[in-house]
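As structure tokens, the structure follows; a few thoughts come after it.
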Amino acid sequence: MDEEPTNSRGTILLILLAVVAGVAIGLVGAGFRLGLDWADIHRANWIVSAKALGPAGWILPVIALAALAALARFLVRLAPLAAGSGVQHVEAVMRGEAERAPWLVVPIKFVGGLLAIGGGLALGREGPTVQMGATLGSELAARCRCSVGDLRDLQAALAGAGLAVAFNAPIGGALFVFEEVARSFRLQLTVLTLVATAVATAVARVLTGNSADFAVAKVTLVPWSALLACVVLGGILGIFGVLYNRVTILTIDSMARIAPKIPETRAALIGGIVGLIGGFVPGWVGGGDPLNQSVLDGQLPALTLLAVLAVRCFIGPLSYAAGTPGGLFAPLLLVGSAAGYLFALGASVPFADGLGVEPASLAVIGMAAFFTGVVRAPLTSVVLIAEMTNSPGLLIPLGVASASAAMVATMLKGPPIYDTLRSRMLHPNARR
């Protein structure tokens, strides 16, 4: 893809396009989120009703999720770029390594994501909204015959708008563009990103409300003397993040050997496994937001938290290996939250209770640290989690833990997950 001069159609035109595309992804992202919220409620109720039918009722969640996962994977045949998160493709387009996604990615990502995540796969809503936003931005730019540089800036800005809508976090969405997608901070890109994220979030809030994603009532300021706990927690989750990335790639490769020519069979198998788990614990499958809220509320005892951590570390990579539309962010936040809360309980004497730090605070910090360990975007993680939990008072410990996680993960030479996924997408024959 040859470079062309940017600003070929003028900044005003690009801003207008950012506004139009921002309205579009605000509506699409809000609809996607509302659909998944509806699915979370009705899926759990349906599983409970199915189990009341007796022994046969236990098999119904397995069959249902297997069918939904297979159907979601079948839809990907119509637009192969709609598989998985899509963030890696958005980044590749920004770097001139891939062509923009076709418009068909938007409806396939929307419907396929509702089927897969709504059905119960442990995937996030943010990957689909990021790619849908980027696709809307690039499609609009292409139709208006913008230059290649302008197209890339607009698709990056709308990717950030998609993340902002997914998590009701406009500043976090904007930082995601600068730190992860574009890895640059230019005036035109900054203006377009701020316009797109602001417009998209404002539109989405009309439909979804203006409350933070998570209500965290027990968050307290972390005293300076307790920052050592944040350093330790960040280091642990930096190690954990490297391991999680390796497990994710290993799981993708292992599952790819199953029916390689019929990916729907593989998706059905994975859906059936997750459906079986959902039959026993309905609230532990899906994107994970309601379960994460329970963790932050302190409703789960230590042994249950351990079980949640183990199950989600298993079904997260497994769900991604199905190849259906769905992201990585939201499942990561639940894992980090559970790990942070467990750390608080285990270190209650020297680090938490003795220093006046609530476990919920360390759970929030764990979300940012694990996100950093996996994605390696510490600034985005700090602001994103602060916005999602309405916890600006935790910015300093969030930063300390995220810096520790990034440093440890880098020292271990574990590549960020999206770098690995992008490399595999661009060089499929080089996989081992």
Yes or no: region 207-220 includes at least one residue that is in contact with a Gly (Cβ under 9 Å, 6 or more places away or on another chain) and crowded, with 24+ Cβ neighbours inside 10 Å. no
Working only within region 358-412, note down all residues that are closer than 12 Å to Glu179 by Cβ and charged (D, E, K, R). Arg376
From the list Ala212, Ala217, Ala229, pick out the single residue that is farther than 24 Å from Ile417 by Cα, more than 21 Å from the chain's Cα centre (by Cα), not hydroxyl-bearing (Ser, Thr, Tyr) and not in a helix (DSSP H, G or I). Ala217
Any residue in region 392-403 that's in the same structural domain as Thr380 (by TED's automatic domain parsing) and surrounded by 22 or more Cβ atoms within 10 Å (Cβ to Cβ): show its pairings with residues that are outside any helix (DSSP H, G or I) and among the β-branched types (Val, Ile, Thr) at Cβ separation under 7 Å, as long as the two are six or more apart or on different chains. Leu394/Val219; Leu394/Val222; Pro397/Val222
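Is there a residue being touching a Phe, Trp or Tyr at 6+ places or on another chain (Cβ under 6 Å), within 30 Å of Ala98 (Cα to Cα) and either part of a helix (DSSP H, G or I) or at pLDDT 95 or above (or both) anywhere in region 339-360? Lay out the reasoning, then the answer.
Narrowing region 339-360 to residues touching a Phe, Trp or Tyr at 6+ places or on another chain (Cβ under 6 Å): 359.
Of the ones still in play, those that are also within 30 Å of Ala98 (Cα to Cα) are none.
Checked against the condition, which is being touching a Phe, Trp or Tyr at 6+ places or on another chain (Cβ under 6 Å), within 30 Å of Ala98 (Cα to Cα) and either part of a helix (DSSP H, G or I) or at pLDDT 95 or above (or both), region 339-360 yields no hits at all.
Checking the condition out of contact with any strand residue (DSSP E or B) (no Cβ under 9 Å at 6 or more places or on another chain), in contact (Cβ under 8 Å) with a residue 60 or more places away in the chain and more than 30 Å from Glu358 (Cα to Cα), which residue from Thr208, Thr220, Thr190, Thr248 passes? Can you show your working first?
Numbers: Thr208 fails: more than 30 Å from Glu358 (Cα to Cα); Thr220 fails: more than 30 Å from Glu358 (Cα to Cα); Thr190 fails: in contact (Cβ under 8 Å) with a residue 60 or more places away in the chain.
On inspection, the qualifying residue turns out to be Thr248.
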Looking at (1) assigned to a helix (DSSP H, G or I); (2) modelled with pLDDT under 90, which one does Lys261 not meet, given that it meets all the others? (1)
Looking at the structure I just gave you, is Gly275 in a helix (DSSP H, G or I) and buried (at least 21 other Cβ atoms within 10 Å of the Cβ)? yes
So which residues in region 84-97 are surrounded by fewer than 24 Cβ atoms within 10 Å (Cβ to Cβ) and not in a helix (DSSP H, G or I)? Ser85, Arg95, Gly96, Glu97
For region 186-208, the count of residues that are under 26 Å from Gly366 (Cβ atoms) and at pLDDT below 95 equals 1
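The values are calculated or read from the model by the stated rules, or taken from the named source; none is laboratory data. Owing to the predicted nature of the structure, the values given are computational and were not obtained by experimental measurement. A quick note on method: Cβ atoms are made from the backbone with ideal geometry, for glycine too, and the neighbour counts reach across all protein chains shown.
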